[in-house]
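What follows is calculated from the coordinates using simple rules that are stated; it is not laboratory data. Bear in mind the structure is a predicted one, so any value in this text is a computation, not a measurement. Note that we place each Cβ from the backbone using ideal geometry, even for glycine, and neighbour counts take in every protein chain shown.
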């Protein structure tokens, strides 16, 4: 007999994808990825991703399952994303990618 999947189902873990494709790498994505890896958060997976399709706006960071896109992320801004978004659940509005989140 199959178990009801909803019994043990929990909220999906967060995943932070940091683009490591050519233009993002030229804009400092390697250092951004390293900054996230140096600030681990329980139950948040940090992944180097392939191209996220937003070339020229990087380094691009995508937080899943929230579908929040951050653009032009600097290594020194990673701590703000970790603290506010990943730990406190607050979107860092000044870093949002305008194409998907509009101007505020």
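To the nearest 500 deg cm²/dmol, what mean residue ellipticity at 222 nm is calculated for the chain from DSSP H runs of n ≥ 4 alone, each contributing -39,500 (n - 2.57), summed and divided by the residues?
On the way: 3 runs with 18 residues, N = 104.
When only DSSP H runs of four or more count, the value is -4000 deg cm²/dmol.
Taking the beta-carbon count within 10 Å as an exposure proxy, list 60, 67, 95 from fewest neighbours to most.
Details: 60 28, 67 9, 95 20.
With the fewest neighbours first, 60, 67, 95 line up as 67, 95, 60.
For the chain, what proportion of DSSP beta bridges, expressed in % and rounded to the nearest 5, is antiparallel?
55 percent
Which of these values of P(r) over Cα pairs in 10 Å bins from 0, in percent was calculated from the structure shown: (i) 15, 47, 25, 8, 4, 0; (ii) 11, 14, 13, 13, 10, 9, 8, 7, 6, 5, 3, 1, 0; (iii) 14, 46, 29, 8, 2?
(i)
What do you get for Rg/Rh over region 11-70 if you use C-alpha atoms and the Kirkwood form of Rh? Walk me through the numbers on the way to the answer.
Numbers: Rg = 11.0 Å, Rh = 11.4 Å.
Answer for region 11-70: 0.96.
Within a 10 angstrom radius of the beta carbon, how do 88, 66 rank from fewest other beta carbons to most? Before the final figure, lay out each step's value.
Numbers: 88 8, 66 14.
In order of increasing Cβ crowding within 10 Å: 88, 66.
How would you rank 21, 101, going from fewest to most other Cβ atoms within 10 Å of each one's own Cβ? Working shown, then result.
Numbers: 21 19, 101 16.
So the ranking, lowest neighbour count to highest, is 101, 21.
Using only alpha carbon pairs under 8 Å that are at least six residues apart, calculate the relative contact order of the chain and give it in whole percent.
Values: 156 pairs, mean separation 28.7, N = 104.
The value is 28 percent.
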